[in-house]
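Here is the structure we will look at.
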Amino acid sequence: MTAIQGFIKPSRRPGELGIHSLDHFHFVVPDLAAAQNFYGEFGLNVGERDGLLTINTFDHPHLWGTVGEGARKKYSYISFAAFDDDIEKFGERLQAMRIARVDPPRGVDSNGLWFHDHDGNLVEIKVAAKSSPDEKSRFSFKEVGPGRRGAPLRSAMPRTRPRRLAHVLLFTRDVRKAIEFYTRVLGMRLSDRSGDNIAFLHGIHGSDHHMIAFARSEAPGIHHLSWDVGSIDEIGAGAMHMLGKGYDKGWGLGRHVLGSNFFHYVRDPWGSYSEYSADIDYIPAACDWAGGDHEPEDSFYAWGPNVPEDFVRNFEA
Ligand SMILES: [Fe+2]
């Protein structure tokens, strides 16, 4: 690694064109105060700017997303980040693939490349610092020796504060087309899939097992936002805190197979979810991940409670 005056060069796969990070998401909801409450209680650092909610994590400078006001909850766009010397090549790629460039949404100040994906969703590729991790996220399990108590008093359990956005799972009308679009245009790679029901994609310059994933539905939408935490205790404490605040619907604790992460999903006021996620698999820039196509019943989760009946319902449809 090269360190110049404290700057650590981000990991990069040489000679290949691909986005390096999911920079931020944007969606709208009918009630910003409800969103402020939900994401604040979830442990995120929620602020306000120009009529939008800004969603940060504590102790991290990156802006992971913005939430605006709209008639009903609706996914608006995702912005991906690329290296400075790749942006021109992305412009050439769009042109070669006859993908029309469009203007940024009204009120968004951007010099990135904007276009529509296979489902008509707005996507941006812009130049920004790599916010996806350069190494596997830290995960801890504290074990104490005999003669000592391992658990803190319940009153001493710290609040859960996610460290960063881990990934976003979107609904799509066509998983196959989503894989094709996001691999060929954005240069991502398929990590694993389960037929035409769900697919997980990673960034080529070092990223978690999935930066973005797609689940089949009759319309686009956001299924969940996933937030990285460092332990099972943090997942449990977060879930308990949300339960105490009235957010009593969700799914967890469990462990996924594809991505391997421990999870607990908390249902938001609009029927989608925010996920506490820990210990997700990591795919370094130099790694060619040996993914596969897996049977749904053998790959959705390794263990956990029964899946709520409407867990994969798209309330944006
Ligand atoms: Fe997830």
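The values are calculated or read from the model by the stated rules, or taken from the named source; none is laboratory data. In this text, all values refer to a predicted model and were calculated from it rather than measured experimentally. In this analysis, Cβ positions are derived from the backbone assuming ideal geometry, glycine residues included, and neighbour counts consider all displayed protein chains. Please note that ligands, DNA and RNA were not included when accessible areas were found on the heavy atoms of the full protein model with its side chains. Shrake-Rupley method; radii C 1.70, N 1.55, O 1.52, S 1.80 Å.
General remarks:
- D (Stokes-Einstein, µm²/s), Kirkwood Cα radius, the stretch 30-153, 1.306 mPa s at 10 °C: 88
- Euclidean distance between Cα centres, the stretch 134-159 to the stretch 59-97, Å: 36
- Whether the stretch 43-91 is rounded, prolate or oblate, judged on the alpha carbon gyration tensor where a/c under 1.5 counts as rounded: oblate
- Amide H contacts of Gly221 (H built 1.01 Å from N, in plane; Pro and chain starts excluded): Phe171 sit under 5 Å, all sequence-distant by 5 or more or on other chains.
- Under a model in which nothing but the beta-carbon of Lys, Arg (+1) and Asp, Glu (-1) is charged, the stretch 130-205 shows a dipole of about 480 debye around its Cα centre.
- In the chain, the DSSP-assigned H stretches of four residues or longer account for a calculated mean residue ellipticity at 222 nm of -4500 deg cm²/dmol, using -39500 (n - 2.57) per stretch and the full residue count as denominator.
- For the stretch 143-274, the Cα gyration tensor yields ellipsoid semi-axes of 32, 18, 11 Å (square root of five times each eigenvalue, largest first, whole Å).
- Subtracting the Cα-Cα distance of Arg149 and Ser110 from 0.36 nm times their residue separation leaves 8.7 nm of extension gain.
- Per residue value of the accessible surface for the chain (all protein chains in place, 1.4 Å probe), Å²: 49
- Ordering of 143-152, 101-110 by packing [mean C-beta count within 10 Å, highest first]: 101-110, 143-152
- Shape of the stretch 229-274, Cα gyration tensor, a/c cut at 1.5: oblate
- Nearest-0.05 FRET efficiency for Leu243 and Phe315, computed from C-beta distance (R0 25 Å): 0.75
- Working note: Karplus 6.51/-1.76/1.60 with θ = phi - 60° gives the stretch 47-54 the couplings x, 9, 7, 6, x, 10, 7, 9 Hz, where Gly and Pro are set to x.
- Within the stretch 67-93, backbone nitrogen closer than 19 Å to the virtual label 7 Å beyond the Cα of Ala34 toward Cβ: 67-76
- Geometric extent, Cα atoms of the stretch 86-174 - Rg, Dmax (angstrom): 22.1, 68
- Using R0 = 22 Å, the C-beta based FRET efficiency linking Glu180 and Ala290 works out to 0.60.
- The stretch 31-113 - percent relative contact order, Cα under 8 Å, separation 6 or more: 16
- Expressed as a whole percent, the accessible area of the stretch 1-134 that falls on carbon and sulfur atoms is 48 (1.4 Å probe).
- Whichever aspartates and glutamates have a C-alpha closer than 14 Å to that of Lys245, once near sequence neighbours (fewer than 8 apart) are set aside: Glu41, Asp268
- For q = 0.15, 0.16, 0.17, 0.34 Å⁻¹, Debye-computed log10 I/I(0) when each Cα of the stretch 130-173 counts as one equal scatterer: -0.71, -0.76, -0.80, -1.28
- Crossing angle, helix 232-244 versus the chain [Cα axis fit, 0-90 degrees, rounded to tens]: 80
- The simple spin-label model puts a point 7 Å past each Cα toward its Cβ; for Arg98 and Ala71 those points are separated by 3.4 nm.
- Ranked by how many other beta carbons lie within 10 Å on average, peptides 279-288, 221-230 from highest: 221-230, 279-288
- Solvent-free Debye calculation, one equal scatterer per alpha-carbon of the chain: log10 I(q)/I(0) at 0.07, 0.11, 0.15 Å⁻¹ equals -0.27, -0.68, -1.31.
- 22 Å Cα-Cα threshold exceeded, pairs from Lys74/Lys249; Lys89/Lys126; Lys130/Lys249: Lys130/Lys249
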